[in-house]
Amino acid sequence: MRFDVITLFPEMFGTFAEQGVTGRALTRGLAELQLWNPRDFTHDVHRTVDDRPYGGGPGMVMKVEPLRAAIAAARAAAPASRVAYLSPQGRVLDQAAMIEIAAQPGWILLAGRYEGVDERLIEGHVDEEWSIGDYVLSGGELPAMVVMDAAIRLLPGALGHADSARQDSHMDGLLDCPHYTRPERIDGEEVPAVLVGGDHRAIERWRLRQALGRTWLRRPEMLERRGLSADEQALLDDFVRAHHA
Ligand SMILES: Nc1nonc1C(=O)N[C@@H]1CC[C@H](O)C1
């Protein structure tokens with residue numbers, strides 16, 4: 001899977017490309033990342049990429065020409081990739097969206113800065129507009145890394161233990177179960193006995209019950225959307241009874 005990111009701050013991607021799951025995936029060639037700086041596509045001595053907004057108002061707007069040229073260069077290098085612009089005006093992404101994104105051969109991600117980009121660039125040269133949530137950031141670089149991280153995790157072989165991705169929260173439409181590690185007792189708090197008992201079937205059932213119960217407590221709308229099997233409903237009923245006891 002190939003990612004091309006158009007960004008004024010390529011240096012922000014250093015750690016992302018060198019460390020952790022994403023760094024390993026890129027190093028091992030499971031994914032590739034190419035960065036394109038719009039300033040390299042300017043022709044004036046000041047390498048101008050932004051200008052004042054028509055109609056007045058605060059801040060600056062990114063100009064069409066440098067972005068258009070950077071997108072064209074990225075499209076030439078990655079002809080199978082579609083262009084996505086990260087902005088609060090876009091489709092808010094969830095795990096289902098990340099699965100769709102990871103199924104594509106590649107993406108050209110446009111990371112905006114300032115007040116955003118000239119609308120004519122979006123209308124004429126962007127295929128999709130995505131948001132990582134209803135809040136305003138200083139740039140699209142972190143959203144680009146969020147999207148690439150979530151997608152790369154889904155690539156076969158990207159995670160040490162294949163199950164990790166499947167058991168990630170939201171992968172099965174549920175929140176994740178609680179996790180524990182050594183020591184077994186700390187500040188008087190014990191690890192749930194089932195997790196140290198060695199009965200793998202009981203552990204699996206406990207984890208599913210906890211995931212169902214937490215989703216019911218914290219994000220009930222996710223349960224509505226997902227639906228439950230008879231067995232899952234029984235586990236949840238058991239959790240709810242214990243919760244109210
Ligand atoms: N939320 C988001 N999801 O994707 N992108 C954003 C976001 O806040 N972008 C900033 C808005 C102006 C600045 O150009 C960059």
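Can you name every residue in segment 88-101 that is open to solvent by less than 70 Å² (accessible area, probe 1.4 Å) and out of contact with any helix residue (DSSP H, G or I) (no Cβ under 8 Å at 6 or more places or on another chain)? Answer for segment 88-101, where residues must be open to solvent by less than 70 Å² (accessible area, probe 1.4 Å) and out of contact with any helix residue (DSSP H, G or I) (no Cβ under 8 Å at 6 or more places or on another chain): PRO88, GLY90, ALA96, ALA97. State yes or no: is VAL45 open to solvent by less than 20 Å² (accessible area, probe 1.4 Å) and modelled with pLDDT of 95 or more? Criteria not met by VAL45. Scan segment 138-162 for residues that are surrounded by 15 or more Cβ atoms within 10 Å (Cβ to Cβ), outside any helix (DSSP H, G or I) and within 13 Å of the ligand (Cβ to nearest atom) and jot them down. GLY139, GLY140, listed by residue number. Among the residues making up segment 73-94, those that are within 16 Å of the ligand (Cβ to nearest atom) and either within 12 Å of HIS125 (Cβ to Cβ) or not acidic (Asp, Glu) (or both) are VAL83, ALA84, TYR85, LEU86, SER87, PRO88, GLN89, GLY90, ARG91, VAL92, LEU93. Taking the conditions exactly as written (open to solvent by less than 20 Å² (accessible area, probe 1.4 Å) and either modelled with pLDDT of 95 or more or of a type outside the set (A, V, I, L, M, F, W, C) (or both)), does ALA84 satisfy them or not? So ALA84 fits the description; yes. Could you look through segment 108-119, keep only residues that are within 12 Å of the ligand (Cβ to nearest atom) and within 11 Å of TYR85 (Cβ to Cβ), and pick out the one that is surrounded by the fewest Cβ atoms within 10 Å (Cβ to Cβ)? The extreme case among them is GLY116. Hey, does segment 29-49 have a residue that's within 16 Å of the ligand (Cβ to nearest atom), under 27 Å from VAL136 (Cα atoms), in contact (Cβ under 8 Å) with a residue 40 or more places away in the chain and not hydrophobic (A, V, I, L, M, F, W, C)? For segment 29-49, residues within 16 Å of the ligand (Cβ to nearest atom), under 27 Å from VAL136 (Cα atoms), in contact (Cβ under 8 Å) with a residue 40 or more places away in the chain and not hydrophobic (A, V, I, L, M, F, W, C): absent. If only residues of segment 222-245 that are touching a Gly at 6+ places or on another chain (Cβ under 7 Å) and aliphatic (A, V, I, L, M) are counted, the one that is surrounded by the fewest Cβ atoms within 10 Å (Cβ to Cβ) is MET222.
For segment 120-134, filtering for residues that are within 13 Å of the ligand (Cβ to nearest atom) and either surrounded by fewer than 19 Cβ atoms within 10 Å (Cβ to Cβ) or under 21 Å from ARG52 (Cα atoms) (or both) leaves 7. Taking the condition open to solvent by 40 Å² or more (accessible area, probe 1.4 Å), within 22 Å of ASP172 (Cβ to Cβ) and at pLDDT 95 or above, does GLN210 pass? Spelling it out, it is not the case that GLN210 is open to solvent by 40 Å² or more (accessible area, probe 1.4 Å), within 22 Å of ASP172 (Cβ to Cβ) and at pLDDT 95 or above. The condition of being under 30 Å from the mean Cα position of the chain (by Cα), within 30 Å of GLN104 (Cβ to Cβ), at pLDDT 95 or above and open to solvent by 80 Å² or more (accessible area, probe 1.4 Å) holds for only one of ARG219, ARG166, that being ARG219.
Restricting segment 41-55 to residues that are part of a loop (DSSP other than H, G, I, E, B) and among the hydrophobic types (A, V, I, L, M, F, W, C) leaves a set whose member that is nearest to the chain's Cα centre (by Cα) is VAL49.
Contact map, segment 50-75: first residue open to solvent by less than 60 Å² (accessible area, probe 1.4 Å), second residue in a helix (DSSP H, G or I) and charged (D, E, K, R), Cβ cut-off under 6 Å, separation 6 or more or different chains; pairs are VAL64/ARG120. If you go through segment 169-194 and keep only what is of a type in the set (Ser, Thr, Tyr) and modelled with pLDDT of 95 or more, you end up with TYR180, THR181.
Checked against the criterion of being open to solvent by 50 Å² or more (accessible area, probe 1.4 Å), among the hydroxyl-bearing types (Ser, Thr, Tyr), in a loop (DSSP other than H, G, I, E, B) and at pLDDT 95 or above, segment 5-27 contains not a single residue that satisfies it.
The values are calculated or read from the model by the stated rules, or taken from the named source; none is laboratory data. Please read all numbers here as calculations on a predicted model, not as lab measurements. Every residue, glycine as well, gets a Cβ built from its backbone with ideal geometry; the counts of neighbours run over all protein chains shown. Protein only, heavy atoms only, side chains kept; ligands, DNA and RNA dropped before computing areas. Shrake-Rupley method; radii C 1.70, N 1.55, O 1.52, S 1.80 Å.
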